[in-house]
Each structure stands twice: as structure tokens, then as C-alpha cells.
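Since the structure comes first, as C-alpha cells, the remarks are kept for the end.
Just so it is clear, none of the values below were taken in a lab; they were calculated from the coordinates. Please read these numbers as outputs of a predicted model, since none were measured by experiment. Neighbour counts are summed over all protein chains in view; Cβ atoms, including those assigned to glycine, are modelled from backbone coordinates with ideal geometry.
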Amino acid sequence: MEHFTPIASTLGGLLIGLAASLMLLLHGRIAGISGILGGLLQPRSGERSWRLLFLAGMASGGALFAVFWPAAMVDTLARSPATVVVAGLLVGVGTQLSRGCTSGHGICGLTRMSPRSAAAVASFMATGFLTAYVTQQLLGGTL
């Protein structure tokens, strides 16, 4: 393993778990990013401000991280902009099909023992494994 980071990974996992737990315990909401963002597209009364604040916190946290530890934000994958756009669109389609994203199903759904989330996560993982194999082994690692 070239980039093994057990301390940073453990701290990141703890922070994600804490944020998801607090969101559920204090607000009764699932910290699924696609659902939070999607709720802005068709907002209900009283829903807009907390969604905007949640997303602003994510963006500002990433920006602060980039300022204070820029080396951690370096992208070393050789992918064309078109590939990144197509990949993003495919993730969006998958999110719509499974009615949730990896954070909603994988972090929040699995901890609630949701069978639908277990099926979605199995699908996400299988698709990810297959995509990584095809991209790295059959296409030479670049697109």
C-alpha cells in the first residue's frame, strides 16, 4: 500500500460517524448528501436553510483543509475532464436508481440495519470493483 494513512483515516471515519449520528439524534435527519442536495431542488417550507448550511459546511471544510494541508488535496489520477464529467453523471444516475448515495445508504442506512441500504451498498461495491478492474486492468489505467 502506497498511501496507507491509518491515523488520518480513523479520524476521518470518526468525524463522519459523529456528524451522521448527531444529525440523526439532534435533528432526526439522515446525513445522505444526495438527499440533502436534492431537497434544495424541491424545497419544502423550513427545509432550505439547514440544507444550505450543511452543504456550506462541507464545502468550507474542504476549502480549509486545502488551505492548511494542500499536499493532501493533490489529484494524481490521470483522467480527462470528459471522463470525470461522465463518471459524475453515472454516479448521479446510480444515486437516483438506488434512491440514495453512498453516505446515505453506506453510513446511515447500514447502521440502521436497512435491508434496502445493504442491497444498495452491495450494488455500489460490486459496480466499483468492476469499474476499477476494467479501468485499471483492461484499459491500462487511463481514459
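What the table shows:
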quantity	calculated
Estimated FRET transfer efficiency when R0 is 35 angstrom, pair A63-V93 (beta carbons, to 0.05)	0.80
Surrounding net charge for A20, when Lys and Arg each add one and Asp and Glu each subtract one, Cβ distance under 13 Å	+2
Highest-fluctuation residue, L25, L52, L64 considered, GNM on the chain with Cα pairs under 10 Å	L64
Distance between modelled label sites at A119 and F4, nm, 7 Å Cα→Cβ extension	3.8
Helix 115-133 vs. the chain, principal-axis angle (Cα, 0 to 90°, nearest 10)	20
Gaussian network model of the chain, Cα within-10 Å springs - most flexible of T127, T102, T76	T76
Length-normalised contact order of the chain in % [C-alpha pairs under 8 Å, at least 6 apart]	26
In degrees, nearest ten, helix 81-98 long axis to first principal axis of the chain (Cα)	40
Segments 37-50, 112-125 sorted - mean Cβ within 10 Å per residue, highest first	112-125, 37-50
